[in-house]
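This is the structure I want to talk about, given as structure tokens.
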Amino acid sequence: MKIGVPREIKTHEYRVGLTPGAVREYVAAGHSVVVETNAGAGIGATDDAYRKAGATVLDSAREVFASSQMIVKVKEPQASEWSQLRQDQILFTYLHLAPDPDQAKGLIASGCTAIAYETVTDAHGGLPLLAPMSEVAGRLAIEAAGAALRRHAGGRGLLIGGVPGVQPARIVVIGGGVVGTHAARMAVGLGAEVTILDRSIGRLRELDELFEGRVRTKFSTIDSIEEEVFAADVVIGAVLVPGASAPKLVTRNMLGSMRKGAVIVDVAIDQGGCFETSHPTTHADPTFEVEGVIHYCVANMPGAVPLTSSQALNNATLPFGLALANKGFAAVLENPHLRAGLNVYRGRLTCEPVARSLSMPFSPIEGAVA
């Protein structure tokens with residue numbers, strides 16, 4: 001199969017779909033790879049590095065899209081990209097379609113087969129291609145919160161870990177999954193006072209054992225969210241409903257009772273955000289203020305550390321990408337975990353949570369293929 005890797009064009013997105021090391025794996029498996037020039041610049045991978053790995057370097061994204069059977073990316077395709085997709089192509093990337101009807105319509109119109117990293121599953125019920133970026137985003141969330149808390153940035157002028165004799169920041173993490181766990185790990189390491197809210201008693205037990213009493217765990221209800229958010233210096237939104245839009249757990253009305261200069265970091269913004277007042281921002285202009293509360297809602301947080309992120313992502317996606325390259329669409333039909341990643345197939349939405357979030361028709365893959 002011919003694999004294409006275009007350069008990412010989303011604002012301040014420096015990751016790359018395939019590293020030179022991953023290209024070598026595809027080539028060794030008998031596939032050919034074409035890479036757009038400078039696609040790896042953000043991670044310091046030169047065109048020569050890709051050539052040495054066995055890839056052919058092309059001058060434009062248009063050439064890459066036109067000559068490839070499968071496109072491997074990082075971020076969701078932009079309008080200029082989905083218009084270049086066609087019916088006989090596989091797109092393998094993050095999609096986050098639930099809050100993005102325009103992209104969904106564009107992919108449907110293209111007729112392509114679109115497989116989303118964020119809904120691919122594993123034998124344990126996890127999301128193995130989302131997990132590495134969730135780990136990165138969770139850790140970055142605390143760094144972002146620390147910067148936004150500084151007075152010149154509009155924050156409370158508070159140091160996350162405090163100093164001896166001075167109270168540290170109070171950080172509330174809503175959601176005890178991968179993002180929430182890694183955010184809490186970073187916050188605890190800096191000396192913050194941390195509370196994790198989740199609706200799974202089993203998960204709260206696991207977190208209590210993992211952190212050995214260094215964090216408070218609390219069952220998530222409307223009352224407990226209000227109580228914790230109103231007293232917080234930082235609130236991390238780390239709620240995930242696979243494929244679907246994130247629930248809005250902190251309303252605009254609640255902001256009036258929060259501390260002025262408190263910081264919200266909405267890591268769920270790719271799925272629409274879990275704060276009612278959130279809207280996507282960029283690394284170039286990451287924050288905005290509503291009711292005296294600073295919002296950080298960058299939609300591609302791991303793009304800030306592209307070397308770490310690209311390597312971690314490629315480690316996770318490689319086995320699935322090779323399966324697609326080796327068997328084509330048959331790999332989706334044979335592998336239930338890849339099948340869970342299928343969001344669009346030849347003009348139809350095949351992921352039920354996405355279809356429900358968009359209020360669009362859902363076509364089970366069995367019926368779509370038949």
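What follows is calculated from the coordinates using simple rules that are stated; it is not laboratory data. Owing to the predicted nature of the structure, the values given are computational and were not obtained by experimental measurement. A quick note on method: Cβ atoms are made from the backbone with ideal geometry, for glycine too, and the neighbour counts reach across all protein chains shown.
Given a cut-off of under 8 Å on Cα pairs at least six residues apart, what relative contact order in percent is computed for the chain?
Relative contact order, the chain: 18 percent.
If you fit an axis through the alpha-carbon atoms of helix 306-327 and take the longest principal axis of the Cα set of the chain, what angle between them do you get, 0 to 90°, nearest 10?
Result, in degrees: 40.
Work out, step by step, the length gained on full extension between H152 and E276: first 0.36 nm times the residue separation, then minus their alpha carbon distance; give nm to one decimal. Provide the component values of the computation, followed by the final result.
Working: separation 124, 0.36 × 124 = 44.64 nm, distance 2.53 nm.
Gain on extension, H152 to E276, equals 42.1 nm.
I need the phi-derived Karplus couplings for region 173-190: 6.51 cos²θ - 1.76 cosθ + 1.60, θ = phi - 60°, integer Hz, Gly and Pro marked x.
Residue by residue, region 173-190 yields 10, 9, x, x, x, 5, 4, x, 5, 6, 5, 5, 4, 5, 5, 5, x, 7 Hz.
Further, regarding this structure: Considering all alpha-carbon pairs of region 135-304, what whole percent are spaced by more than 30 angstrom?
On the way: 1019 of 14365 pairs.
Tail of the P(r) past 30 Å holds 7 percent of the pairs.
Right, here's the next one. For I71, list long-range residues whose amide hydrogen, built 1.01 Å from N in the peptide plane, is under 5 Å from its own amide hydrogen.
HN-HN under 5 Å from I71: G4, I90, L91, F92.
I've got another one for you. For region 123-185 and region 262-283, compute the distance between their C-alpha centroids and round to whole Å.
Region 123-185 and region 262-283 have Cα centres spaced 13 Å from each other.
Another one. Amide H neighbours of L58 under 5 Å, at least 5 residues apart or on other chains, H built in the peptide plane: list them.
When sequence neighbours closer than 5 places are left aside, the close amide H contacts are V35, E36, T37.
Moving on. Below 8 Å between Cα atoms, with a sequence gap of 6+, how large is the relative contact order for region 1-128 in percent? Intermediate results must be reported in sequence, preceding the final value.
Values: 247 pairs, mean separation 29.5, N = 128.
Computed value for region 1-128: 23 percent relative contact order.
Counting DSSP beta bridges with both partners in the chain, what percentage is antiparallel, nearest 5? Please list the in-between numbers first.
Values: 11 of 50 bridges.
Here the antiparallel bridges make up roughly 20 percent for the chain.
Using the charge dipole of region 268-354 (Lys, Arg: +1 at Cβ; Asp, Glu: -1 at Cβ; taken about the Cα centre), state which of P336, P280, P306 has its Cα farthest towards the positive end.
Of the candidates, P336 comes out farthest on the positive side.
Give me, ordered by chain and number, the residues 5 or more places off V344 or on other chains with an amide H under 5 Å from its own placed amide H.
Close amide H contacts, sequence-distant or interchain: A114, T350.
Report, in cubic angstrom per residue, the convex hull volume of the C-alpha atoms of region 1-93. Can you show the working numbers first?
Details: hull volume 7.3 nm³, N = 93.
Looking at region 1-93, the number lands at 79 Å³ per residue.
Separate question: Could you work out [θ]222 nm for the chain from helices alone, using -39500 (n - 2.57) per DSSP H run of at least four and dividing by all its residues? Round to the nearest 500 deg cm²/dmol.
Rounded to the nearest 500, it is -10500 deg cm²/dmol.
Here is the link list: K10/K218; K2/K248; K73/K327. Which ones come out longer than 31 Å on Cα distance? Let's see the in-between values first.
Values: K10/K218 37 Å; K2/K248 42 Å; K73/K327 19 Å.
Over 31 Å apart, Cα to Cα: K10/K218; K2/K248.
Report, in debye and to the nearest 20, how large the dipole of the chain comes out about its Cα centre when Lys and Arg carry +1 and Asp and Glu carry -1 on their Cβ. Intermediate values should be presented prior to the final figure.
Details: 33 positive and 37 negative charges, 42 e Å.
Dipole of the chain, to the nearest 20 debye: 200 debye.
Helix 131-148: angle to the longest alpha-carbon principal axis of the chain, degrees 0 to 90, nearest 10?
Between helix and principal axis, roughly 40 degrees.
In region 233-335, what percentage of the DSSP-assigned beta bridges are antiparallel, given to the nearest 5?
Numbers: 5 of 14 bridges.
Looking only at bridges with both residues in region 233-335, the antiparallel portion is about 35 percent.
With label points built 7 Å along Cα→Cβ from the Cα atoms of A29 and D59, find their separation and express it in nm.
3.2 nm
What's the ranking of 162-168, 217-223, 146-152 by average number of surrounding C-beta atoms within 10 Å, highest first?
Descending packing order for the listed peptides: 146-152, 217-223, 162-168.
Could you give each residue of region 228-244 its phi-based ³J(HN,Hα) in whole Hz, using Karplus coefficients 6.51, -1.76, 1.60 with θ = phi - 60°, and x for Gly or Pro?
Rounded to whole hertz, the list is 6, 5, 5, 9, 7, 8, 9, 10, 9, x, 10, 8, 9, 10, x, x, 9.
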